[in-house]
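So the structure is just underneath, and the comments pick up after that.
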Amino acid sequence: MQEKTVSGFSKLSKVGKVRWVVENFFKDPENVTRELMSFWHEDEEQQRILDGFSENTISNYYLPFGVAPNFMVNGKLYAVPMVIEESSVVAAASSAAKFWLPRGGFHAKVIATKKLGQVHFSWKGDSDKLFQHFDELEKRLRQDATHITINMEKRGGGVLDIELLDMTHLEPDYYQLKVSFETCDSMGANFINSVLEEFGSTLEIFVQEHPAFKGEEQQLEVIMAILSNYTPECVVRAWVECPVDALGSGCDGMSPDAFAKKFAKAVRIAHIDPHRATTHNKGIFNGVDAVVLATANDFRAVEACGHTYAARDGQYRSLSSCSIENGKFKFWLDLPLALGTIGGLTRLHPIARRSLELLGEPGAEELMMVIAATGLAQNFAALRSLVTTGIQKGHMKMHLLNILNHLEASEREAAEAIEHFKDKVVSFTAVREFLKLFREKKGSIA
Ligand code: MEV
């Protein structure tokens, strides 16, 4: 056994990294090496691209890439790409898409696309002076960042507003430049961060050079310059609606009216109770994240933003809402989504590129609408199960298939097991017992 600390790991070759890891952390280095390497892409060029995304890569971590067809959003049909490890999610999205297809499909509208960033700084000098010279500073900020913003401006984006905020009521000497951006079809993280860092430098130079701040140059310290992943003004709304009666046979034995009322109550519960809201929103993100991942967007950013948005009035609440008015059922989701369809990994990741092709090469706004619709579909499917049959029925079917796979059941054994467990509780032990008995019986017959 070697020591478990290492220096210069990043400089080792990939095989060297694998060797160090398996020899130090695994009981069976040879087998583990073989297994890790079996997931390397056979095409060296493709592997080189994947390795380039991150550091210290020793293999690839596979996740299922699925498709939910029949998604009609604003009258256009999509087959939605989804990357997710949780069983039932793609099936649920597909079933909700199919349910809404004859009922007008999903509707969606981008409400705004403003992204945000901040330069956080300390100023121990005269506060008024900062504000008095802010117009001048703003001009200089925009001017100095032109070399970064010029291309984005050509595409119709760039820096929108720059605000100077006095935050000293919360933290001594703390001020902020709060900057809004339009980044068109790119998520814009690099663009925003570059502009903000430039703004930070300009701010320092401005204070050093401006005669009004003479003698106060040392009073300024830029703390950090970084985008904010909370983008409450980069929001999309997706909704479904139909007359209550038209909910028809989708209600699993309930009358459409009873179903609609129970469904709306479930949404209200998620609005008032943070425990339920968290699970409710998790269901929404089952759909959202899967498409965000499939298109190589930043799911951590999307999640972080969504949850902050869910708590925007001070309490964590459901992201979706439901109403029944004048005999009409309406269910909608407002979701902040900062996405890109160009830049980042969106075009570099081979499967993400195909996901975008599958979606018909959408721009960022169209992608926002498709993703919000998928989140809403997921939420609809989960609530429909919860208020009718319960969630376990569907989950258990997938769970059973996973267990059967794990126990290496043959096709025949799987078919027998599915029949057997139709009306029984699925557990690992119960399935193992069933297979054991089935195999023994088969053995004794043979
Ligand atoms: C499971 O991944 C998601 C659900 O729990 C969502 C919900 O409860 O609304 C089914």
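The values are calculated or read from the model by the stated rules, or taken from the named source; none is laboratory data. All values reported here derive from a predicted model rather than from experimental measurement. Methodologically, a virtual Cβ is constructed for each residue, glycine included, from the backbone with ideal geometry; neighbour enumeration extends over all protein chains shown. Each accessible area value is taken on the protein alone, full model and side chains, heavy atoms only, with ligands, DNA and RNA left out. Shrake-Rupley method; radii C 1.70, N 1.55, O 1.52, S 1.80 Å.
Report, by residue number, each residue of segment 318-359 that is open to solvent by less than 50 Å² (accessible area, probe 1.4 Å), in a loop (DSSP other than H, G, I, E, B) and at pLDDT below 95. Selection gives GLY343, THR346.
Residues in segment 73-83 that are open to solvent by less than 20 Å² (accessible area, probe 1.4 Å) and either closer than 12 Å to ALA290 by Cα or near the ligand (Cβ under 10 Å from one of its atoms) (or both): how many? Total meeting the criteria: 3.
Mind listing just one residue for me: the one in segment 100-126 that is of a type in the set (Lys, Arg) and assigned to a loop (DSSP other than H, G, I, E, B) and, of those, least open to solvent (accessible area, probe 1.4 Å)? First the steps, then the outcome.
First, pick out the residues of segment 100-126 that are of a type in the set (Lys, Arg): 103, 109, 114-115, 124.
Now restrict to residues that are assigned to a loop (DSSP other than H, G, I, E, B): 114, 124.
Numbers: LYS114: 57, LYS124: 136 Å².
Checked segment 100-126; the qualifying residue least open to solvent (accessible area, probe 1.4 Å) is LYS114.
Contact map, segment 49-67: residues that are in contact (Cβ under 8 Å) with a residue 60 or more places away in the chain paired with residues that are in a loop (DSSP other than H, G, I, E, B) and open to solvent by 40 Å² or more (accessible area, probe 1.4 Å), Cβ distance under 6 Å, separation 6+ or inter-chain. Pairs shown: LEU63/GLU85.
Filter segment 380-394 down to residues that are open to solvent by 60 Å² or more (accessible area, probe 1.4 Å) and in contact (Cβ under 8 Å) with a residue 12 or more places away in the chain and give me whichever is farthest from the ligand (Cβ to nearest atom). Full working, then the answer.
Filtering segment 380-394 for residues open to solvent by 60 Å² or more (accessible area, probe 1.4 Å) gives 386, 389, 392-393.
Of the ones still in play, those that are also in contact (Cβ under 8 Å) with a residue 12 or more places away in the chain are 386, 389.
Values: LEU386: 6, THR389: 12 Å.
Among residues in segment 380-394 that are open to solvent by 60 Å² or more (accessible area, probe 1.4 Å) and in contact (Cβ under 8 Å) with a residue 12 or more places away in the chain, the one farthest from the ligand (Cβ to nearest atom) is THR389.
Close contacts from segment 271-292, counting a first residue that is farther than 25 Å from GLU366 by Cβ and a second that is in a helix (DSSP H, G or I) and within 10 Å of the ligand (Cβ to nearest atom), with Cβ to Cβ under 6 Å and a gap of 6+ residues or different chains, come to ARG276/ALA270; ALA277/ALA270; HIS280/ALA270.
Answer yes or no: is there a residue in segment 371-379 that is within 16 Å of the ligand (Cβ to nearest atom) and open to solvent by 50 Å² or more (accessible area, probe 1.4 Å). Steps first, please.
Filtering segment 371-379 down to residues within 16 Å of the ligand (Cβ to nearest atom) leaves 374-379.
If we keep only those that are open to solvent by 50 Å² or more (accessible area, probe 1.4 Å) as well, we get none.
No, every residue in segment 371-379 fails to be within 16 Å of the ligand (Cβ to nearest atom) and open to solvent by 50 Å² or more (accessible area, probe 1.4 Å).
The residues of segment 242-286 that are open to solvent by 70 Å² or more (accessible area, probe 1.4 Å), more than 14 Å from the ligand (Cβ to nearest atom) and in contact with a strand residue (DSSP E or B) (Cβ under 8 Å, 6 or more places away or on another chain), listed by number, are PRO243, LYS261. Only a single item in (1) of a type in the set (Ser, Thr, Tyr); (2) out of contact with any Phe, Trp or Tyr (no Cβ under 9 Å at 6 or more places or on another chain); (3) within 18 Å of PHE263 (Cα to Cα) is not met by THR388, and it is number (2).
Would you mind finding the one in VAL90, VAL18 that is within 16 Å of the ligand (Cβ to nearest atom), assigned to a helix (DSSP H, G or I), open to solvent by less than 40 Å² (accessible area, probe 1.4 Å) and among the β-branched types (Val, Ile, Thr)?
Details: VAL18 fails: within 16 Å of the ligand (Cβ to nearest atom).
When all the criteria are applied, what remains is VAL90.
Got at least one residue in segment 434-445 being free of Cβ contacts under 8 Å to residues at least 12 places away in the same chain and acidic (Asp, Glu)? Yes, some residue in segment 434-445 is free of Cβ contacts under 8 Å to residues at least 12 places away in the same chain and acidic (Asp, Glu).
Among LYS17, LYS27, LYS11, LYS4, which is in contact (Cβ under 8 Å) with a residue 40 or more places away in the chain, of a type in the set (Lys, Arg) and more than 30 Å from TRP239 (Cα to Cα)?
Details: LYS27 fails: in contact (Cβ under 8 Å) with a residue 40 or more places away in the chain; LYS11 fails: in contact (Cβ under 8 Å) with a residue 40 or more places away in the chain; LYS4 fails: in contact (Cβ under 8 Å) with a residue 40 or more places away in the chain.
None of the other options fit; the residue is LYS17.
Out of curiosity, is LEU367 part of a strand (DSSP E or B) and at pLDDT 95 or above? Against the criterion (part of a strand (DSSP E or B) and at pLDDT 95 or above), LEU367 does not qualify.
Quick grid of which residues meet (1) assigned to a loop (DSSP other than H, G, I, E, B); (2) not assigned by TED's automatic domain parsing to the domain that holds ILE192:
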site	(1), (2)
GLU221	no, no
ASP245	no, yes
GLY248	no, yes
MET254	yes, yes
ALA258	no, yes
LYS261	no, yes
ALA264	no, yes
ARG268	no, yes
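When you look at GLY394, is it not in a helix (DSSP H, G or I) and not hydrophobic (A, V, I, L, M, F, W, C), yes or no? Considered against the rule, which asks whether it is not in a helix (DSSP H, G or I) and not hydrophobic (A, V, I, L, M, F, W, C), GLY394 comes out as no.
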